Each structure stands twice: as structure tokens, then as C-alpha cells.
């Protein structure tokens with residue numbers, strides 16, 4: 001939902017205000033998704049597990065329905081986006097790639113700093129026992145709300161950069177539930193434990209999808225589903241768990 005909301009925020013600002021600067025596009029996408037996340041966070045922070053997931057999916061499908069029916073937003077055909085610029089100069093393909101890498105590195109640094117902060121450390125504590133966190137004087141709902149807004153901002157920024165890169169936004173490729181499914185797939189494949197894990201999972205996911213579609217165009221979705229099942233059954237901790245096991249064995253041998 002926030003991925004698509006950020007993308008459409010970029011398209012709308014270009015359509016009505018003529019904004020093409022890559023920095024403006026990125027910050028508009030982040031701000032728009034963050035404001036939406038802040039508003040919906042008051043509702044979602046009260047729910048956990050499957051209820052949280054299904055309610056999030058419901059909001060996402062509501063947004064999808066609005067975008068698909070709104071003619072001024074291009075309906076199901078979407079909207080085109082002109083090439084991005086910086087200081088009035090049009091960015092080429094590699095120029096845009098460099099700026100995307102720059103924003104990604106900034107996001108990594110920010111996320112790592114957040115996870116090392118006191119609020120970031122609450123993530124594990126909340127996951128283990130919410131009641132004890134409340135006894136310590138912290139507000140679980142407020143902490144979850146802040147994390148939710150940060151996640152929305154990151155997703156919105158990613159959507160805005162993707163829109164600028166593709167030059168097109170439409171409901172099916174930006175907001176449909178299958179897009180959320182891909183992000184969940186990457187999360188499960190990556191595992192937890194390090195900020196770099198999602199990048200490894202995303203690269204592997206694109207590798208599997210590309211070659212599965214090329215080798216078996218009629219069964220590529222079955223291959224991806226089988227890969228997900230294999231990870232869940234044989235490596236529930238995701239790809240990063242292999243590195244954690246190797247690190248554990250290395251320390252054990254050194255000792």
C-alpha cells in the first residue's frame with residue numbers, strides 16, 4: 001500500500017505541479033507514505049499477528065479499488081512519469097541508478113542507527129513479551145506506531161524511486177496484493193538478524209523469478225512457491241541463518 005502510495009504521490013505531483021527533480025520526488029513519496037502511515041497507525045497499532053496482516057491487506061485493497069476506479073488517476077491504465085531531473089538537468093539511466101544507490105545507502109545507515117537506538121532495541125523486547133515492556137514504563141502501542149511510520153516512509157520512498165525508474169505507475173504493479181506477497185516472500189527468504197539480509201533476499205528472489213520464467217514460463221509461479229516452502233521447512237530462519245550458523249561454527253572451532 002505505501003509502496004504504491006509513494007509512487008502515485010510522485011505521479012500526482014508531476015501531473016499537477018510539474019515536479020521532476022529526483023530529490024523532490026523522493027521526499028514527496030516519503031512524506032506522503034509517512035502521513036498515511038501515521039493516520040492508519042492509530043488503528044493498526046492495536047492489532048497483532050494475523051489480524052494486523054489482514055487489516056493491512058484490507059486497507060491496501062481499498063486503495064487498489066480507489067486507484068483502479070479513479071479516472072483522473074488513470075484508472076487501471078495508470079499514469080506515465082517523465083524522466084527525473086536534478087538542478088534542471090535530465091538524469092540518464094546511469095545517473096538515476098547512482099542516485100537510487102545513494103538513497104539506498106542513506107536508508108541502510110538510517111535503519112542501522114535506528115536499530116541500535118533504545119527504541120530500536122525495544123523491537124526484540126516487544127516481540128518476546130509486551131506486558132513486561134509495559135511494566136518497564138514503555139508504551140508498546142506508541143513504539144509500534146513509530147516503527148510503523150518508519151516502515152511506511154521507507155516503503156513509500158522505494159515506491160517513488162521505482163516510479164521514477166520505470167516511468168509508469170498503475171494499480172496492478174504498485175498496489176495489488178501480489179506486490180505485498182513478493183515483499184513478504186523476500187522477507188521470509190532473507191530472515192532476520194542483519195540489515196543486509198533483505199538485499200540478499202531481493203537479489204535471490206529476482207534471480208529465481210527471472211530464470212524460472214525463462215525456463216518454465218507456464219510453471220514459474222509453482223517454482224517460486226516451491227522455493228518458499230523449502231525455505232520454510234528446511235531453513236525457517238531464512239538465508240541469514242546460514243551465515244549465523246557458519247559464524248557460530250567458526251567461533252566454536254576457534255575456541
Round to the nearest 10 and give me the degree value, 0 to 90, for the angle of helix 140-166's Cα axis relative to the longest principal axis of the chain. 50 degrees
To the nearest 10 degrees, how steep is helix 93-116 against the longest Cα principal axis of the chain, on a 0 to 90 scale? 40 degrees
Please report, in cubic angstrom per residue, the volume enclosed by the convex hull of the alpha-carbon atoms of the stretch 177-255. 100 Å³
Using a 10 Å cut-off around each Cβ, can you sort 170, 21, 128 from fewest to most neighbouring Cβ atoms? 128, 21, 170
By how many degrees, between 0 and 90 and to the nearest 10, does the Cα long axis of helix 118-128 differ from the longest principal axis of the chain? 60 degrees
Which percent of the Cα-Cα distances in the chain go past 32 Å? 29 percent
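Give, in nm to one decimal, the length gained when the segment between residue 250 and residue 76 is fully stretched (0.36 nm per residue of separation minus the Cα-Cα distance).
Gain on extension, residue 250 to residue 76, equals 57.3 nm.
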Please pull out the direction-averaged projected area of the stretch 140-216, using the convex hull of its alpha-carbon atoms, in nm² to one decimal place. 6.6 nm²
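Find the percent of Cα-Cα distances in the stretch 85-144 that exceed 17 Å, and round it to a whole number. Don't jump to the answer; show the numbers that get you there.
Values: 1009 of 1770 pairs.
That fraction is 57 percent.
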Based on the Kirkwood radius over alpha-carbon pairs, what value in µm²/s does the Stokes-Einstein equation return for the translational diffusion coefficient of the stretch 68-187 at 37 °C and 0.692 mPa s? 190 µm²/s
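We did not get these values from a lab; they are worked out from the coordinates using the rules stated. In this text, all values refer to a predicted model and were calculated from it rather than measured experimentally. Neighbour counts are summed over all protein chains in view; Cβ atoms, including those assigned to glycine, are modelled from backbone coordinates with ideal geometry.
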